[in-house]
1. Under 8 Å by Cβ, and 6 or more places apart or on different chains, what pairs join a residue from segment 59-80 that is at pLDDT below 80 with one that is loosely packed, with under 13 Cβ neighbours inside 10 Å?
2. Let me confirm something: among 345, 372, which residue is free of Cβ contacts under 8 Å to residues at least 40 places away in the same chain, outside the structural domain of residue 113 (by TED's automatic domain parsing), within 16 Å of residue 79 (Cβ to Cβ) and surrounded by fewer than 18 Cβ atoms within 10 Å (Cβ to Cβ)?
3. Quickly run through segment 349-376 and pick out the residues that are farther than 15 Å from residue 394 by Cβ and not in a loop (DSSP other than H, G, I, E, B).
4. Kindly indicate whether any position in segment 335-347 is within 21 Å of residue 122 (Cβ to Cβ) and part of a helix (DSSP H, G or I).
5. Check segment 129-138 and report whether any residue there is free of Cβ contacts under 8 Å to residues at least 12 places away in the same chain, away from the ligand (no atom under 16 Å from the Cβ) and outside any loop (DSSP other than H, G, I, E, B).
6. Being more than 16 Å from the ligand (Cβ to nearest atom), touching a strand residue (DSSP E or B) at 6+ places or on another chain (Cβ under 7 Å) and in a strand (DSSP E or B): is that true of residue 162 here?
7. Does residue 329 fit the bill of being part of a loop (DSSP other than H, G, I, E, B) and within 20 Å of residue 119 (Cα to Cα)?
Ligand code: PMP
C-alpha cells in the first residue's frame, strides 16, 4: 500500500511538471490544442492531429483482408493461433472465484502479488539454481508482452543495436524501434535447424551492439537450443558486455529428447540477463494477461519504474489465478504437452509426405514452420491459397521477418481429429498446384 501511495505522489508530480513544461510553449503540445471549438461544429481543427512521429518507425501488418475472408468461410479450420486449446485448470479457476468473492478487486502491490513473486523466485531456484530476491528482482507484468516492451524502453539509448532473430516473434522489431533502438536480424536458417550460428552472430556485432533478444523454444520455428549452443551465445554476450533479454515463454513446452536452457543459469549470465516468462502458454491463460520478468536488481528497478506509470499493477484476480496454477498440480501441463507432441508429429509426418513441402520436427513451442518455397508463390499467396482452396488458416512466414519468406506457420493447438481433417484438405488442395 505504501508503494502505491508513493506511486500516486510521483504520478502527481510528473503531471505537474508536464503541465509546467507545456505552458512554456512546448510545440508538440500546441499541435494538439484545437484552434476552434469542436462543439461549435467547426471540426476542421482536428486536421492538425497527427499520430506521434515515433509511430512512423513501425509498420502495421496488412492482414486485414485475410481475416475478413476467413470470417466468411464457416468451414474454416484455424491453424494460426498462438494459444493453447486446453482449459485453465479447475484449481486455478476456483482460486479466481475465491479471490473475487473475498473482494480482492483493489490495486495490488505495483511489482506484483508478494506470494506470486516468492513462488516464481522459488521456482527459478528449484529449476535452474538461480537465486532472485522476490522483492526487488521479480516483477509481475501484463503478459510477457509488457515485460519485453518495458525492458527495451528502460534499457535502450537511441541507436543501441538489438540482435533479434529473423524469423522471430512479431512484437520484437516494433518494440525495439519504438524504444529508439536499431533491430539487427540474426538469421535462423533452415539448414541450421532454425538456430543462430556463431559465425552469423559474430559478424553482426558492432560497437553499438547492446542487447541480444533471444527466444528459445522459438516462435515461429519451434527450434530449441542445446546446452552447448546456449553457452556459445552466452559467451559472446559476456565477452562483448551485452545484455540478454531471454524470452522463455515456452520453457515448459519442450518435447522428448530436448531440454530447455535458461540463459540466466549459464556461467557469467545472471548479472546481465533478464528472463521473461508468462502464464499464457504453460497454463493456457492468454486472456488473463499475467507474465513476469526476473533479473538482477539494477536491471529490474528501471523496468519497475516504467511499469508503475504504464499499468500501475497487474489484474489482482488474474494474479491469484496464476498463483494457484503455479502452486497446484502440474499434471495437466504434462498432458497438454504430450498432446501437442502427438499433433506436431502428425503435422511433421503428413506435410513431409506432400510433394514440394519440407517440414522440420519442432523441438519446442507449439508451431511447425514448413518450407513451401518450391511452389511458385510468396508465403502470403500460399496462405491465401490454402484459405480459399482448403479453408485452412495458416500464417505466412513473411509476417515473422524477411527470412520467414518461403515458409508458413501452423499451430498444433487444434484437436487431433480437426488437425487431421485440415491436413487432408491441404493435401488435396496442393494436388492442384505445380511445384519446382
Ligand atoms: N513471446 C513470444 C515468443 C510469444 O510467442 C508470445 C505470444 N505469442 C509472447 C511473447 C507474448 O505472450 P503474453 O501472452 O505473455 O504477452
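1. Going by the 8 Å Cβ cut-off, the qualifying pairs are 69/388.
2. Numbers: 372 fails: surrounded by fewer than 18 Cβ atoms within 10 Å (Cβ to Cβ).
Criteria check complete, one pass: 345.
3. Scanning segment 349-376 gives 349, 352, 353, 358, 364.
4. Let us first name the residues in segment 335-347 that are within 21 Å of residue 122 (Cβ to Cβ), namely none.
No, because not a single residue in segment 335-347 is within 21 Å of residue 122 (Cβ to Cβ) and part of a helix (DSSP H, G or I).
5. So the first thing to find is which residues in segment 129-138 are free of Cβ contacts under 8 Å to residues at least 12 places away in the same chain, and the list is 131.
Add one more test, that the residue is away from the ligand (no atom under 16 Å from the Cβ), and what stays is 131.
From the residues that got through so far, the ones that are outside any loop (DSSP other than H, G, I, E, B) too are none.
No.
6. On the way: more than 16 Å from the ligand (Cβ to nearest atom): no; touching a strand residue (DSSP E or B) at 6+ places or on another chain (Cβ under 7 Å): yes; in a strand (DSSP E or B): yes.
For residue 162, the condition - more than 16 Å from the ligand (Cβ to nearest atom), touching a strand residue (DSSP E or B) at 6+ places or on another chain (Cβ under 7 Å) and in a strand (DSSP E or B) - is not met.
7. On the way: part of a loop (DSSP other than H, G, I, E, B): yes; within 20 Å of residue 119 (Cα to Cα): yes.
So residue 329 fits the description; yes.
Per-residue answers, yes or no, for (1) crowded, with 19+ Cβ neighbours inside 10 Å; (2) in a loop (DSSP other than H, G, I, E, B); (3) more than 16 Å from the ligand (Cβ to nearest atom):
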| site | (1), (2), (3) |
| --- | --- |
| 74 | no, yes, yes |
| 110 | yes, yes, yes |
| 118 | no, no, yes |
| 126 | no, no, yes |
| 146 | yes, no, no |
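The values are calculated or read from the model by the stated rules, or taken from the named source; none is laboratory data. For clarity, every value in this text was computed on a predicted model and none was experimentally measured. Every residue, glycine as well, gets a Cβ built from its backbone with ideal geometry; the counts of neighbours run over all protein chains shown.
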